[in-house]
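One structure is given here, and the rest of the page talks about it.
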Amino acid sequence: MPQQNTLIAPSLLAADFSRLGAEVAAIEAAGADWLHLDIMDGHFVPNISFGPGLIKSLRKHSKMPFDVHLMIAPVDPYLTAFAEAGADHIMFHPEAGPHPHRTLQAIRALGKKSGIVLNPGTPVGVVEPLLELVDIILVMSVNPGFGGQKFIHSQLDKMAALRRMIDASGRNIRLEVDGGVDAITAPLCIAAGADTLVAGTAVFGAADYAAAINAVRCETA
Ligand code: DX5
Ligand code: ZN
C-alpha cells in the first residue's frame with residue numbers, strides 16, 4: 001500500500017570520497033530526490049564519517065534536500081552548525097538523548113524538518129509521544145555505523161506498525177528506511193508502508209546510477 005510517491009535518498013557514505021562534488025552531481029542528474037548524509041562521531045557509533053564543513057561545501061553544488069542523519073551524542077550542541085551548513089532535515093537517535101522532545105523543538109525552531117531514527121532494537125512506542133514534532137521517522141534496517149550491511153527483515157513489521165501509527169494520526173510524516181536497501185528489499189519496504197528509501201551501496205556501487213535509482217524505486221528505467 002504505497003501511500004505517497006517513493007523518494008530515493010542515496011547515502012553519500014558509499015560514494016567515492018575523493019570526488020564527492022562530482023558524485024553528488026551525478027546522483028542528482030540520475031534522479032535522486034534527497035541526499036542522505038550520515039554523520040558519525042566514533043562514540044555513538046563505531047565509525048567516523050564527516051561533519052558540517054563537508055555539508056557546507058556540498059550545499060552550493062546541489063539543489064536536493066539534504067537529509068542529515070546524526071549518529072552523534074550529544075546532539076543538541078551541534079544542531080545550529082548543521083542547520084547553518086545547509087541541512088534541510090535533521091534526524092537523530094533518541095538514545096543520543098537526553099531529551100528527544102526538546103531536541104525536536106530545537107530543530108523546528110531552526111526552521112528545519114525534524115526526524116527520529118529508530119534502531120533495530122528501539123521499540124516503536126518511543127516515537128508515539130513525539131509525533132506532534134516529527135516530520136520524518138527513519139527506521140534503521142541495519143545497526144547504525146556502516147554501509148553495506150545486510151538488511152534485517154524483522155524491521156518490516158516495525159515499518160508496518162509505524163505506517164499504521166502515522167495514518168491513524170492523520171499527520172504528514174514521511175516513513176524512511178535506511179540500511180541494506182536494494183532492488184530486492186525495497187519492494188518489501190514499500191509494501192510495509194515506507195515511502196522514502198535510503199540506498200548507499202545499491203546506488204553508488206552500481207555502474208549506472210539512474211538505473212540503480214530506478215531499480216530501488218521499483219520502476220523500470
Ligand atoms: C548506516 C547508515 C546508512 C548507510 C546505508 O549507519 O545510516 O545510511 O550508509 O548504506 P547501505 O545502503 O549500503 O546499507
Ligand atoms: Zn543513514
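The values are calculated or read from the model by the stated rules, or taken from the named source; none is laboratory data. Nothing here was measured: the structure is a model prediction, and the numbers come from that model. Cβ: placed from backbone, ideal geometry, glycine included. Neighbour counts: every protein chain shown. All accessible areas refer to the heavy atoms of the entire protein, side chains included, with ligands and DNA or RNA removed. Shrake-Rupley method; radii C 1.70, N 1.55, O 1.52, S 1.80 Å.
Please pick out the residue among GLY53, GLY125, GLY31, GLY97 that is without any contact (Cβ under 8 Å) to a residue 60 or more places away in the chain and more than 22 Å from ILE173 (Cβ to Cβ).
GLY53
Mind listing whichever residues of the stretch 131-151 are assigned to a loop (DSSP other than H, G, I, E, B) and more than 14 Å from ligand 2 (Cβ to nearest atom)?
VAL134, ASP135, LYS150
Here are some residues: ASP195, ASP182. Which one is touching a helix residue (DSSP H, G or I) at 6+ places or on another chain (Cβ under 8 Å) and either open to solvent by less than 10 Å² (accessible area, probe 1.4 Å) or without any contact (Cβ under 8 Å) to a residue 60 or more places away in the chain (or both)?
Answer to the selection: ASP182.
Mind checking which pairs have a first residue in the stretch 34-46 that is in a strand (DSSP E or B) and a second that is more than 10 Å from ligand 1 (Cβ to nearest atom) and at pLDDT below 95, Cβ under 8 Å, 6 or more apart or different chains?
Listed by first residue and then by second, the contacts come to nothing, as the list is empty.
Contact list please: Cβ distance under 6 Å, first residue in the stretch 199-210 and open to solvent by 20 Å² or more (accessible area, probe 1.4 Å), second residue within 16 Å of ligand 2 (Cβ to nearest atom) and not aliphatic (A, V, I, L, M), pairs at least six apart or on different chains.
THR201/GLY147; THR201/GLY148; ALA202/ASP182
Looking only at the stretch 97-130, how many residues end up being away from ligand 2 (no atom under 16 Å from the Cβ), open to solvent by 50 Å² or more (accessible area, probe 1.4 Å), among the charged types (D, E, K, R) and not in a helix (DSSP H, G or I)?
So the count comes out to 0.
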